[in-house]
Amino acid sequence: MMATTHVFAGLALVAPVAAAVPTLSSPLAVGAIVGGLAPDLDLVLEHRRSLHFPVAGLPVAALAVGAAVLVPSSPVVGVAAAVVAAWLHAASDVLGDGPEMDPWTDVGDRAVYDHVRGRWLRPRRWIRYDGAPEDGVLALALAAPVLLVFEGWIVSAVVGCLAVSFAYVLVRRRLVAWLPDWLE
């Protein structure tokens with residue numbers, strides 16, 4: 001899935017809390033955005049293994065939520081949102097294809113690494129590849145509740161990210177041919 005889809009998923013996940021406690025909407029949004037993006041920093045390492053924790057991240061996310069419930073301060077809530085969004089990102093990567101740049105020609109059997117079992121989880125391919133049309137539809141569906149709950153800079157950021165997402169969907173298949181070989 002696109003990085004923006006992961007960000008929208010994190011934001012959609014925290015949107016009900018932001019609606020219930022508007023004073024926490026900014027730290028929730030910042031945490032969800034950071035957490036939604038953070039796992040993909042491993043693009044320069046071993047993508048979907050180095051910073052993706054789909055199984056091991058779940059208990060950490062549960063502890064973070066517990067801490068946020070016990071100490072509902074802005075910093076704790078923001079960190080909890082980041083941890084949960086990062087776990088959601090890693091766990092949902094199994095729904096797509098593998099980390100290959102051109103999964104439509106280079107079909108692999110690795111979606112995301114499970115550090116607990118020491119093996120790769122297989123891709124489900126519900127989203128055929130990042131930037132596939134269904135990824136764009138999912139991004140829009142996840143952004144919709146975010147646009148209804150949040151205000152100000154968050155709405156502007158989401159609208160901007162939606163524009164980037166749709167542009168990416170339009171060029172994604174051609175993008176591989178434009179990239180230098182060393183990038184893959």
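Okay, here's what the table says:
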quantity	calculated
Long-range neighbours under 8 Å by Cβ, at least six apart or interchain, first residue closer than 15 Å to G152 by Cβ within region 1-26, second of a type in the set (F, W, Y) and modelled with pLDDT of 95 or more	L11/F150; A15/F150; A18/F150; S25/F150
Which numbered condition R110 misses (of (1) in contact with a strand residue (DSSP E or B) (Cβ under 9 Å, 6 or more places away or on another chain); (2) assigned to a loop (DSSP other than H, G, I, E, B); (3) buried (at least 22 other Cβ atoms within 10 Å of the Cβ))	(3)
Residues of region 113-132 satisfying the condition of being open to solvent by 70 Å² or more (accessible area, probe 1.4 Å) and within 25 Å of L162 (Cβ to Cβ)	R124, R125, W126, R128
When residues of region 34-55 are limited to those that are aliphatic (A, V, I, L, M), open to solvent by 40 Å² or more (accessible area, probe 1.4 Å) and touching a helix residue (DSSP H, G or I) at 6+ places or on another chain (Cβ under 9 Å), the one nearest to V116 (Cα to Cα)	V55
Scope region 86-101; condition closer than 18 Å to V176 by Cα and open to solvent by 30 Å² or more (accessible area, probe 1.4 Å); matching residues	P99, E100, M101
Test: P22 is open to solvent by 30 Å² or more (accessible area, probe 1.4 Å) and modelled with pLDDT of 95 or more	yes
Qualifying residue in region 169-183 (condition: within 30 Å of P22 (Cβ to Cβ) and either of a type outside the set (K, R) or surrounded by 13 or more Cβ atoms within 10 Å (Cβ to Cβ) (or both))	no
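The values are calculated or read from the model by the stated rules, or taken from the named source; none is laboratory data. Bear in mind that the values here come from a model prediction, so they are computed numbers and not experimental data. Cβ atoms come from the backbone with ideal geometry, glycine included; neighbour counts cover every protein chain shown. Surface areas here come from the heavy atoms of the whole protein model, side chains and all, with no ligands, DNA or RNA. Shrake-Rupley method; radii C 1.70, N 1.55, O 1.52, S 1.80 Å.
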